[in-house]
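The values are calculated or read from the model by the stated rules, or taken from the named source; none is laboratory data. Quick caveat, the model's predicted, so the values are computed rather than measured. Positions of Cβ are generated from backbone atoms using ideal geometry, with glycine treated the same way; all protein chains shown enter the neighbour counts. Heads up: the accessible areas ignore ligands, DNA and RNA and are worked out on the full protein's heavy atoms, side chains in. Shrake-Rupley method; radii C 1.70, N 1.55, O 1.52, S 1.80 Å.
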Amino acid sequence: MTAPSHHLDLDLARKVLDAQPFSRLVGARITAFGDGGATLEVDLREELQQQNGFAHGGVLSYAADNALTFAAGTALGPAVLTAGFSIQYVRPARGRTLVARASVVHAGRRQAVVRCDLLTVDDEGAETLCAVAQGTVLPAAG
């Protein structure tokens, strides 16, 4: 039996993301997709901050969850669901843009384990690690 051909590319990933009303609300965009990885970006406008001016932890969790799932989709196919993930906040997220870079650590037929680094980018383009997430993604039941 040969591995299934998933016919996934960046344009399709962008269409899938745009079909998510919450992703549109947050203003998320996919900037890289394929070969076991995905990158999701969110501009950190004021509405996405908590009371101290940092990006809200829920925004970081959202970005990690979606980046993990999209990265897993490159290995498992387009119909996937997050089974669970954990996130460790390293430092407050402050900057112009949040970048969630996810990559598949291991993929089998039944699940993928994926890691995601969450970084902020400042006005000069410098990146700062603010959180790390890891999750398990499963193929959706057909």
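Estimated from helices alone, the mean residue ellipticity of the chain at 222 nm is -7500 deg cm²/dmol (sum of -39500 (n - 2.57) over DSSP H runs with n ≥ 4, per residue).
Among the protein heavy atoms of the chain, carbon and sulfur supply 51% of the accessible surface, probe 1.4 Å, non-protein parts ignored.
Could you give the longest part of the chain that holds none of the trypsin sites (Lys or Arg not before Pro) found in DSSP loops with at most 14 neighbouring Cβ atoms within 10 Å? Counting only loop sites that pass the neighbour cut-off, the longest clear stretch is 46-95. With R₀ fixed at 35 Å, the C-beta to C-beta distance from ALA141 to TYR89 puts the FRET efficiency at about 0.60.
Taking LEU118, LEU81, LEU12 in turn, the Gaussian network model of the chain (Cα-Cα springs below 10 Å) assigns the largest fluctuation to LEU12. When +1 charges are put on Lys and Arg Cβ atoms and -1 charges on Asp and Glu Cβ atoms, the dipole computed for the chain relative to its Cα centre reaches about 460 debye.
Think of each Lys and Arg Cβ as +1 and each Asp and Glu Cβ as -1; about the Cα centre, that makes the dipole of the stretch 76-142 roughly 360 debye. Taking the charge dipole of the chain about its Cα centre, with +1 at Lys and Arg Cβ atoms and -1 at Asp and Glu Cβ atoms, the residue from ALA102, HIS56, LEU118 reaching farthest to the positive side is ALA102.
Computed over the stretch 1-92, relative contact order equals 25 percent, with contacts defined as Cα pairs under 8 Å that lie 6+ residues apart. Note on VAL113 and ALA79: their simple-model spin labels are 2.7 nm apart, each label 7 Å out from Cα toward Cβ.
One chain, two ends: ASP122 and LEU10. Fully extended at 0.36 nm per residue, the span grows by 37.8 nm beyond their Cα-Cα distance.
For the chain, the extents of the C-alpha atoms along the principal axes are 54, 27, 26 Å, listed from largest to smallest.
Determine the gain in length on full extension of the stretch ARG96-LEU25; use 0.36 nm per residue of separation and subtract their C-alpha separation, reporting nm with one decimal.
23.8 nm
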